[in-house]
Amino acid sequence: MRLSIIIPTYNNHISDMIRCLDSVYDTAYQDFEVLIIDDGSKASYQVELDQVETRYERLMVLHKAHAGVSAARNFGVQKAQGDYILFVDADDVVTKQFWRDVWKIAEDRTLQADIVYGLVNDGRADGVSVCNSPEHLDEEGKKELYRHFFALGCSAFWTREGHVGRGPCARMIRKKLALIYPFDEKLAHGEDAIWNLDLLSKNPSVVIIRHIWYQVIGDPRSATRGYHADFIERLRAYLSVLKSYEQPGMERDYHQRLFEALGEIGRTYFLSPQNPLPWNEKVKEFNKMSYSYPFNGLLENDVKMGG
């Protein structure tokens with residue numbers, strides 16, 4: 001079972017990349033390749049990446065014009081030679097437990113499902129993996145997982161050790177499935193959540209291994225975590241697409257996601273020290289936004305409920 005590990009990067013700190021790679025190569029398992037996809041970084045960082053390439057076996061650095069993380073991931077899938085795809089962010093790490101489970105998956109064909117999910121620890125859990133048996137999801141289980149990705153609200157996929165994340169990491173996807181469902185390059189926010197829903201729409205075979213595979217470390221300076229003047233419009237575009245994935249009985253889940261989005265906007269946009277607007281202008285903008293699509297759906301729902 002050959003694994004292709006794809007790491008998109010755009011002007012990360014080279015020390016973060018080396019930390020990530022050290023975690024990837026901390027294994028005796030040999031049947032894998034690593035593709036670093038440089039999304040048009042500055043010249044000095046490209047030179048550092050080319051130097052790093054010489055330090056690790058089965059590592060290839062591919063440079064491309066800047067087009068965003070989704071385009072970088074899609075490019076990596078096209079170039080991958082493995083049976084399975086694993087995405088890793090350059091400022092995070094994979095765990096030793098992940099590699100222990102890879103050995104088991106490689107040796108046990110019953111575990112080689114279309115998608116094999118592990119758990120993410122992002123600091124909200126204790127991060128200690130307990131011994132859990134792999135779980136094959138039936139149709140009802142996959143419906144619950146779909147709902148979880150839609151609103152990240154299903155307790156069945158949260159444990160004290162970690163959770164099945166809504167991002168693209170801590171999961172192995174058959175390459176042929178990843179080729180069918182690329183990331184939406186038009187979305188600048190939430191593209192990974194939509195991608196997860198797309199994957200499940202094919203009704204794939206699914207296995208969950210409730211062990212910590214992935215540790216989020218993250219760099220607050222990262223492009224995906226910083227302030228963006230157009231953040232509200234990015235989020236609005238994602239929520240509009242997400243609405244089309246709503247299934248019968250999931251209206252409440254969509255409203256939950258809208259509430260979550262308001263919190264994201266508050267933290268990432270209005271409360272950011274990089275936001276140049278004076279406080280009174282922020283209040284005006286927030287009120288205007290609250291009465292516009294799709295957030296006005298919360299107010300309409302409140303009226304229906306008699307609020």
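Remarks
- Of all residues in region 82-125, those satisfying the criterion of being assigned to a loop (DSSP other than H, G, I, E, B), farther than 13 Å from ILE209 by Cα and either touching a Cys at 6+ places or on another chain (Cβ under 9 Å) or at pLDDT 95 or above (or both) are GLY82, ASP83, VAL88, ASP89, ALA90, ASP91, ASP92, THR95, ASP114.
- Residues that are open to solvent by 40 Å² or more (accessible area, probe 1.4 Å) and part of a loop (DSSP other than H, G, I, E, B), drawn from region 171-188: TYR181, PRO182, ASP184, GLU185, LYS186, ALA188
- Residue in region 198-205 that is over 18 Å from ILE6 (Cβ atoms), part of a helix (DSSP H, G or I), in contact (Cβ under 8 Å) with a residue 12 or more places away in the chain and in contact with a Lys or Arg (Cβ under 7 Å, 6 or more places away or on another chain) present: yes
- Restricting attention to region 244-255, the residues that are in a helix (DSSP H, G or I) and surrounded by 16 or more Cβ atoms within 10 Å (Cβ to Cβ) add up to 3.
- Condition met for ILE7 (closer than 30 Å to ASP108 by Cα, of a type in the set (Val, Ile, Thr), in contact with a helix residue (DSSP H, G or I) (Cβ under 8 Å, 6 or more places away or on another chain) and at pLDDT 95 or above): yes
- Selection of region 136-151 for residues being out of contact with any Cys (no Cβ under 6 Å at 6 or more places or on another chain) and open to solvent by less than 40 Å² (accessible area, probe 1.4 Å) yields LEU137, GLY141, LYS142, LEU145, TYR146, PHE149, PHE150, ALA151.
- GLY167 closer than 20 Å to GLN215 by Cα, open to solvent by 10 Å² or more (accessible area, probe 1.4 Å) and modelled with pLDDT of 90 or more: yes
The values are calculated or read from the model by the stated rules, or taken from the named source; none is laboratory data. Quick caveat: nothing in here was measured; it's all calculated off a predicted structure. Quick reminder, even Gly has a Cβ in these numbers, built from the backbone with ideal geometry, and neighbours come from all protein chains shown. What goes into the accessible areas is simple: the full protein's heavy atoms, side chains included, and nothing from ligands, DNA or RNA. Shrake-Rupley method; radii C 1.70, N 1.55, O 1.52, S 1.80 Å.
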